[in-house]
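> For reference, the structure I am asking about is given below.
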Amino acid sequence: MNELEKCMAGMNYNCHDKIFLEFKQKSTELLSVYNKLPYESKKEKYSVLKQLFGSIGESVTVGSPFLCDYGRNIHIGNHVSINMNCTFVDCNTITIGCNVLISSKVQMYTSTHPVEASERIIPDWTPDSGIYFCNTYALPIEIGNNCWIGGGVIVLPGVKIGDGTVIGAGSVVTKNIPSNCVAAGNPCRIIRTINHGETQNDKDGRI
């Protein structure tokens, strides 16, 4: 397997391999253009996003500034709003469904490292070795349809959030969250389920 195949399979990979440096160069150039465009330049901004993302639906807006690693691993459905100051570390895929709200300062991290230092640090590493000094792997993130991710939420590698779920502001999502619930906290946990036959939104919008 080459390094890209290892990465997408969730295996340890060399994130300093030439292919990833090429991905990073392209995304850096596109993000530089995107983040300088004025708010009202809707068509121009969407055109850049089509070049940056792996796939993008209709009626998608992404607030500036926006940061990502490669862009190519981000897949977004229709009718999605991503507010300003979001960071998507898309070493593996970040898939966002339709009718999704992503609030300001949301961070999604697909990249991670082994916990044990003996497994994380590469022995006898040198700066001219052409590899990163520690082992890295990446796991996909998936956000379902009709979700609302609150301000400042952090989503960790390998997490899936089910359809219709709301994640409260400031939460750290470490494990999968099922569909149709409100979840919050660090670590994020289910607070209650959502009955779509009734109005369940907090009146003050502070969920």
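> When only C-alpha pairs under 8 Å and at least 6 residues apart count, what is the relative contact order of segment 24-140, in percent?
Relative contact order comes out at 18 percent.
> Normalised by the residues of the chain, what does the relative contact order come to in percent, with Cα pairs under 8 Å and at least six apart?
Once normalised by length, the contact order is 14 percent.
> Could you work out how much longer the chain between GLU116 and LEU4 gets when fully extended? Use 0.36 nm per residue separation minus the Cα distance between them, nm to one decimal.
37.9 nm
> Where does the charge balance sit around ASN12 when Lys and Arg score +1, Asp and Glu -1, over other residues with C-beta under 15 Å from its C-beta?
Net charge in that neighbourhood comes out at -3.
> Ratio of Rg to Rh for the chain, alpha carbon only, Kirkwood?
Computed over Cα atoms, the ratio is 1.00.
> Normalised by the residues of segment 79-144, what does the relative contact order come to in percent, with Cα pairs under 8 Å and at least six apart?
Reported as a whole number, the value is 38 percent.
> Please give the calculated 222 nm ellipticity per residue for the chain, where each DSSP H segment of at least 4 residues contributes -39500 (n - 2.57) and the sum is spread over every residue; nearest 500 deg cm²/dmol?
Computed ellipticity for the chain at 222 nm equals -5500 deg cm²/dmol.
> Only counting other Cβ atoms within 10 Å, I'd like ARG72, ARG192, ARG120 sorted with the fewest neighbours first.
ARG192, ARG120, ARG72
> In segment 1-156, what percentage of the DSSP-assigned beta bridges are antiparallel, given to the nearest 5?
15
> Between TRP125 and LYS43, with labels modelled 7 Å along Cα→Cβ, what's the label distance in nm to one decimal, could you check?
4.8
> Same structure, new question: How do MET1, MET8 line up, fewest other C-beta atoms within 10 Å first?
Listing MET1, MET8 from fewest to most nearby Cβ atoms yields MET1, MET8.
> Hey, another quick one. Give me D for segment 1-113 in µm² s⁻¹, whole number, from Stokes-Einstein with Rh from the Kirkwood sum over alpha-carbon pairs, 37 °C and 0.692 mPa s.
Result for D is 228 µm²/s.
Throughout, read-outs are computed from the coordinates displayed, never taken from laboratory work. Model, not experiment: these values are computed from the prediction. Here the Cβ is made from the backbone with ideal geometry for all residues, glycine too, and neighbour counts use every protein chain on show.
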